[in-house]
Amino acid sequence: MLLIALMASALTLATQPPATLSLIPKPVSVTQASGVFVLDERTVIGTDATSRPAAALLSGWLKVTTGRETKLAGKGSISLKVNPSLTKLGNEGYTLEVSPKGVSLSAPKYAGIINGLQTFRQLWPTGHASKLTVPAVKIEDQPTFAWRGMMLDVSRYFMDKDYVLHFLDIMAAHKLNVLHLHLIDDQGWRLEIKKYPKLTEIGGFRGEGTAREGGFYTQADIKEMVAYAAARNITIVPEIELPAHTLSAVAAYPWLACTGKEHKMPTVHFISDDLYCAGKPTTWAFLKDVLEELCALFPSQYIHIGGDEAKYTKWKACTDCQKKKAELGLADEKALQGWMTREVEAILAKKGRRILGWDEILRCGVSPTAGIMPWADPKAAGDAARSGNPVMMALTDHCYFDFPESKLRGELTGAGWRPPVTLQAAYNWNPVPVGLTPVQQKNILGVQGCLWTDMFLHKPEIKKTPGPALYCDYFLLPRAAALAEVAWTPQAQRSFSDFTERMAHQYVRYSDAGWNFRLPLPEVTRNGDTVTATCPIEGGTVRYTTDGTDPTASSPELKGALTVTRFEDFKAITLAPDGKRTSLIFETLTPTNQYKQFGTKLGEWKSGKVGDRKPIPVEFDATGLISGNGTYQITFIYTGGRERLDIDNVEVFRNAESTPLATDTHHGFTGGAKKDNVYTLKISGYETGARFTVRAHIYGDEGSDSNGIVLIKKVG
Ligand code: ACM
Ligand code: ZN
């Protein structure tokens, strides 16, 4: 009896089509019709030969969702058909028609079949059921941009093949079609090159003893990843950095750099100035060999050659580089990098490939065929497009998903040298710079999100189990959905509020897939002493407290309007329908905003963690808070404990350097009374991407029971 009731309820669930379609990215044209298509044990997938890999994918999804095999045949009630005459749909468009009689998916190319399948899958009810009810609809759709990319930095933190395949699944679900693999950097060489085995033997690992870590992809792994991606309409574009970000290669083969000096693999993040020597013939023999093996593995039209952040100190002191510069009549080292870029472009052009590089290559002198990927310099986008160069937009403030989504308490942080990249920042921008002619606008090929992992080297919480992969999912979702819509949906059809409404359903899809994602906070509205809140995920609830304590999954549910006497004590979280996943906390009164006149919170000190009558060094991560050269004030505010805090000295360090960039040595204290508790530090060695640490020598005057917060403010 109970079983029958359960089955009946499962059936009811399965036969409920979604209230709204909530498609992400939003298709160009959707016309809803009446009726539903019921996908059940009688359903057969009809496929032509070209669509067969797509049909196999569909059948795999259905196995997971219905628990049942779905047959593939030449004809079926779900029909997948490539029809080359549908040219108006471009390279990746499709038409999808769902009616009570069947499902018809047509596209001019295989890419469109894949894109249409992803849309079809989003029409299914969420959850698992043996019978799926799909609403009748007619969709005609194609992407705005051809380049819809994500970069994954597997160099700074090695993700194994299985994680890359999982990453490809997430990308495919969002119709993203380029995986840019950052395979090489100072901190790791991840690609097996048969002719140079030390690249991975030495360059693929770092650290000693139990701290040793690393890995690389064998050529067989790469072939598997490339094929897996291709079946999902994703091209893997490899990045082979040059001339900088190559210490892993130099550690393996010191003759690649100017000095020939031996290096250990770095275990901290920094950008080495040991570039590939531009003047030695051995560098060129090496690059040709590596590019030969690389091109045999990756069929992509573009090969990313890096080109960012080259510091020319070693080139300036190298007789070979200087000789080459003079021989070529070049003005400076930038021009030498430009020459190197064009030489590499020529090598690759012979193999029918094109180059793509970070925005710096534009300023070094490039041919108009080189792709430009603006990251730090938004002006490079317009300049490149005007020069006729293809442009792939990866601007830091919209596309760097290793930046946190917020400054909230508990937020997972990666890089921090720019403001957080909120979901809104990832969504609300137009990749086409203003002022371009229609012809120049066509040079904007698309957009790309970037997931760097350089900060993983310094964040033990990211390295611990369940491993970096889960953190990458969290950084990626939901911002990849915003990116997907920027890339796919015409600008005039995009709206952030409409997107967030559709995301309510998308989060349930993420849960079903078992992906880790950042669940947004409830949307809280205050009207006098009345508070209401909207839950951002379908089927979820808002949980709250009014006594200033942090809410949990078992806190009371906020339904309708709530009267609160002290809004400062009201806190709320989103609780997912699974009853487990929660958001960060909505709260108003925090020490951070209570003391905001002293700047942004740098950190806190806790009872027992400061010196007992004698100063001890305590460190605070100031990356992102030190945001340029200038004068900074660091203020210590006591908040509780038996002891006041005494401060002897405050220093600022860059990266792992042992000499401080700035120091303020004076005695101050903060407690019931305070004196000289503000420290002033003048920074003149700021570097993009560098880490900054504030070290304070602090102690309780009669013990170590002291608590408080440290704030930082740029004052000049
Ligand atoms: C970069 O973030 N250095 C491209
Ligand atoms: Zn040199």
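Per-peptide packing, taken as the mean over residues of other Cβ atoms within 10 Å, places 638-650, 575-587 in the sequence 638-650, 575-587 from highest down. Modelled label positions at Asn655 and Val715, each set 7 Å beyond Cα in the direction of Cβ, lie 3.0 nm from each other.
Near Trp452: Cβ cut-off under 10 Å, other residues only, Lys/Arg at +1 and Asp/Glu at -1. The net charge is -3.
Please list, ordered by chain and number, the residues whose modelled amide H lies under 5 Å from the amide H of Thr639; skip anything fewer than 5 residues away on the same chain. Residues meeting the amide H criterion: Asn707, Gly708, Ile709. In loop segments of the stretch 198-257 as defined by DSSP, the trypsin sites (Lys or Arg not before Pro) with at most 15 further C-beta atoms inside 10 Å of their C-beta are Arg212.
Among 143-154, 34-45, 546-557, the peptide with the highest mean count of other Cβ atoms within 10 Å heads the list, and the full ranking is 143-154, 34-45, 546-557. This model, with +1 at the C-beta of Lys and Arg and -1 at the C-beta of Asp and Glu, gives the stretch 194-245 a dipole about its Cα centre of some 180 debye. Full extension of the segment from Thr369 to Lys682, taken as 0.36 nm per residue of separation minus the current Cα-Cα distance, would add 108.3 nm. Per-residue Cβ neighbour counts within 10 Å put Met340, Met225 in the sequence Met225, Met340, beginning with the fewest. Take each peptide in 595-602, 402-409, count the other Cβ atoms within 10 Å of every residue, and average; sorted highest first, the result is 402-409, 595-602. Near Asp141, the amide H atoms lying under 5 Å from its own belong to Tyr94; only residues 5 or more places off or on other chains count, and H is placed 1.01 Å from N. Listed values for the stretch 352-360 are Karplus-derived 3J(HN,Hα) couplings in whole Hz (6.51 cos²θ - 1.76 cosθ + 1.60, θ = phi - 60°), namely x, 10, 10, 9, 9, x, 5, 4, 4, and x replaces Gly and Pro. Phi angles of the stretch 655-666 translate, via the Karplus equation with coefficients 6.51, -1.76, 1.60 and θ = phi - 60°, into HN-Hα couplings of 6, 9, 5, 9, 9, x, 6, 7, 9, 10, 9, 8 Hz per residue; Gly and Pro are given as x. A simple rule links phi to the HN-Hα coupling: the Karplus curve 6.51 cos²θ - 1.76 cosθ + 1.60 with θ = phi - 60°, which for the stretch 248-261 gives 4, 6, 5, 4, 6, 9, x, 5, 6, 9, 5, 8, x, 5 Hz, with x for Gly and Pro. Counting neighbouring Cβ atoms within 10 Å and putting the fewest first, the residues Thr688, Thr70 line up as Thr688, Thr70. Each of Cys535, Cys258, Cys399 was scored by other Cβ atoms within 10 Å of its Cβ. Listed from fewest to most, they are Cys535, Cys258, Cys399. Its relative contact order, with pairs defined as Cα atoms under 8 Å and 6+ residues apart, puts the chain at 9 percent.
For the pair Gln219 and Gln32, a Förster radius of 41 Å applied to the C-beta separation gives a FRET efficiency near 0.25, rounded to the nearest 0.05.
Distant-in-sequence amide contacts of Thr126, defined by a placed amide H-H separation under 5 Å and a gap of 5 or more residues or a different chain, comprise nothing.
Where a number appears in this text, it was derived from the coordinates with a stated rule and is not lab data. Note that the coordinates shown come from a computational prediction; the quantities given were computed from them, not determined experimentally. Cβ coordinates were reconstructed from backbone atoms using ideal geometry, including for glycine residues, and neighbour counts include every protein chain displayed.
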